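To start, the structure under review is shown below, and the notes come after it.
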């Protein structure tokens, strides 16, 4: 990927754009004519009651689910034409945290972060201690609490070079301190020119935050 | 943010990372290694008890017994290939990684074969000895298993990828896999039997190699597509 032309967005089109999205699931209309755009430096909070299709929307955004109609554009290009470059620039944390129970946090992170970016052992250790897992790096994950396992997946945020973060309920199992720290991480990411799409019932305070309510 | 492309790991390193991770998981969760292996040993050692301990009778069925036990233990072990990753969400990470899914699935297949197929291959001469397999067919048996077991893993991985999203799979895995595994079984036993009869087995082994080459290039592709369907 020596040609970095995709980094320059043509005609100032937004980083990520969804046009006229429509999704039906199990013969139930989740949303239709849904359009939004997100630019570097901003955040989008998706709200809505349980079952309103928040997770489905996030999975459509990432490309995990293709049962939809409408256009999805990334940096002005059709996402499907740039899928590899898009994947390199996307970080998705689902509500299943992607932490293997028999591996330690360090081993989990080495793989999950290592798929996307070259990281050194020191960087891995620092990321884990930044999310409050110092001293737990080598313990198997089945000995950790749900919140700690969530933190293992959040450690990826500290290593990922991706511009677009898509987070599905990242606050659910976290304690007050960790929630504050995650909010700070999101704000820092936006400040550095990143973009965040997040579903949460939590009241988010971020600069340039847009809200979208489903259902 | 423009360093994304520069700092991206090569597909080869993602392949190696995935291979190492899966091997590590298998060695920590010893069931994956021990279960198929023990199953294989038990099935084979039941035959002399049930049929007859007479050397001439055993020698006649040895090749078939070993190959059937290999096939069954391969099917038993397949279930663990993608299930844990599907349940904990790692599979989504795999699908969303910026690397061709072909190589990552291949890495998982290879790790799975090293864990479940290789021990069976290594133990097979010992069990063949127990079944009084004629002396000159041991090499053929080893070769046919070395070619056949990865083929079975690759074929099985398609079925597992297709069914990983289903709650209870039961027999469906076997129903999908068996028809495609039968040629491997036929050529494997034919190879061993013909070399036991003093005939050349090269032709059968070459056919098995051709099946392996075909599944090596096509199965990961198919599994990758099936995984995308299962996850969406």
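Numbers at a glance
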quantity	calculated
Euclidean distance between Cα centres, region B:185-226 to region A:45-86, Å	42
Between helix B:55-78 and chain B: long-axis angle, C-alpha atoms, 0 to 90°, nearest 10	10
Highest-MSF residue in chain B out of B:79, B:136, B:22 [GNM, Cα springs under 10 Å]	B:136
Degrees, to the nearest 10: A:146-159 long Cα axis against longest axis of chain A	70
Residues in region B:56-75 reached by a label modelled at residue B:118 [backbone nitrogen below 20 Å; 7 Å Cα→Cβ]	B:70-71, B:73-75
Nearest-ten-degree value, helix A:105-114 long axis tilted from longest Cα axis of chain A	40
DSSP bridge pairs, the protein assembly as shown: antiparallel proportion in percent, nearest 5	45
Selected from A:62, A:19, A:141 as most flexible by GNM, with chain A as the system and alpha-carbon contacts under 10 Å	A:19
Residue A:172-residue A:143 pseudo-label distance in nm [points 7 Å out on the Cα-to-Cβ vector]	2.6
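Readers should treat all values here as calculations from the given coordinates under stated rules, not as data from a laboratory. A quick note: this is a predicted structure, and the numbers were derived from the prediction, not measured. Glycine gets a Cβ as well: all are built from the backbone with ideal geometry, and neighbour counts include every protein chain shown.
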